[in-house]
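Q: Before anything else, here's the structure in question.
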Amino acid sequence: MTTSSTLDASTIATAVGPLTLIADPDGALRAAGFTADPDDLLAVVHPDLRGPVRHRADLGDVTRAVRSYLAGELTAIDQLPVSQRGGPFQRTAWSALREVKPGEPVSYTAFALRSGRPAAVRAAAGACARNAVALVVPCHRVLRGDGTLGGYRWGLPIKKWLLDHESQVTFAGQ
């Protein structure tokens, strides 16, 4: 079922550059990424979830939650609704990603285990790569087995910044 609903996009300035959010009419995020161009994001959204985009200054609860996260309230984005489509393993993996706590990154091997398929490390990495809702579905919290960063669609400097932000806030709050 293809949707032609108009999607709302808003861009927020962050310490590492623009973060664009795209939400459906019900407020569920369909995409989020560190770019100022919504077309960069639509390319990773499942074709059935794409639609025309209108730019808005603010997306209400979504914008407030992301701004709160950026200000240090790391759990503010945890309950934001997300709409992604993928295969059964991808959906399970994306759900598992939302359970990875800020300041507690996991390895791809541990992520595969959390996703219910311990031997599917490459599939787990693929689910990260196909995640259209970066930040809210926190694929940046998955690292290589040796603790190095691995990949990130929006670049390793942004992944490092996110992990540092979460680590500093987590330690400061303990």
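Q: Which pairs turn up if I take residues in the stretch 121-142 that are among the β-branched types (Val, Ile, Thr) and look for partners that are in a helix (DSSP H, G or I) with beta carbon separation below 7 Å, at least 6 apart in sequence or on another chain?
A: Final answer for the pair search is Val121/Tyr108; Val121/Thr109; Val121/Ala112; Val137/Trp94; Val137/Leu97; Val142/Tyr108; Val142/Phe111; Val142/Cys128.
Q: Among the residues in the stretch 120-135, are any at positive phi and at pLDDT 95 or above?
A: yes
Q: Go over the candidates Val53, Val45, Val62 one by one and state the one that is touching a residue at least 60 places away in the same chain (Cβ under 8 Å) and among the aliphatic types (A, V, I, L, M).
A: After applying the criteria, what remains is Val45.
Q: When you go through Val53, Val44 one by one, which is the residue that is among the β-branched types (Val, Ile, Thr), under 19 Å from Ile158 (Cβ atoms) and open to solvent by 20 Å² or more (accessible area, probe 1.4 Å)?
A: Val44
Q: Looking at the stretch 87-101, I want the residues that are over 8 Å from Ala127 (Cβ atoms) and among the β-branched types (Val, Ile, Thr) and have a partner that is part of a helix (DSSP H, G or I) and open to solvent by 70 Å² or more (accessible area, probe 1.4 Å) with Cβ atoms under 9 Å, at least 6 apart or on another chain. Which pairs are those?
A: Val100/Arg114
Q: Is there a residue in the stretch 97-114 that is in contact with a strand residue (DSSP E or B) (Cβ under 6 Å, 6 or more places away or on another chain), open to solvent by 40 Å² or more (accessible area, probe 1.4 Å) and among the aliphatic types (A, V, I, L, M)?
A: Checked the stretch 97-114: no residue is in contact with a strand residue (DSSP E or B) (Cβ under 6 Å, 6 or more places away or on another chain), open to solvent by 40 Å² or more (accessible area, probe 1.4 Å) and among the aliphatic types (A, V, I, L, M).
Q: Something else now. Which residue is least open to solvent (accessible area, probe 1.4 Å), if the candidates are limited to the stretch 61-95 and must be touching an Asp or Glu at 6+ places or on another chain (Cβ under 7 Å) and not basic (Lys, Arg)?
A: Leu74
Q: For the stretch 40-61, does any single residue satisfy the condition of being farther than 19 Å from Leu7 by Cα and under 14 Å from the mean Cα position of the chain (by Cα)?
A: no
Q: Another question about this same structure. Sort out which residues of the stretch 116-147 are out of contact with any strand residue (DSSP E or B) (no Cβ under 7 Å at 6 or more places or on another chain), surrounded by 22 or more Cβ atoms within 10 Å (Cβ to Cβ) and either assigned to a loop (DSSP other than H, G, I, E, B) or among the aromatic types (Phe, Trp, Tyr) (or both), and write them in order of number.
A: Asn131, Pro138, listed by residue number.
Q: Of all residues in the stretch 1-24, how many are at pLDDT 95 or above, surrounded by fewer than 20 Cβ atoms within 10 Å (Cβ to Cβ) and not polar (S, T, N, Q)?
A: 7
Q: Among the residues of the stretch 147-159, is any at pLDDT below 95 and among the polar types (S, T, N, Q)?
A: Yes, some residue in the stretch 147-159 is at pLDDT below 95 and among the polar types (S, T, N, Q).
The values are calculated or read from the model by the stated rules, or taken from the named source; none is laboratory data. If you're wondering where the values come from, they're calculated on a predicted model, not measured in any experiment. For neighbour counting, all protein chains shown are included, and Cβ atoms are generated from backbone atoms with ideal geometry for every residue, glycine included. Calculation scope for accessible area: heavy atoms of the full protein, side chains included, ligands and nucleic acids excluded. Shrake-Rupley method; radii C 1.70, N 1.55, O 1.52, S 1.80 Å.
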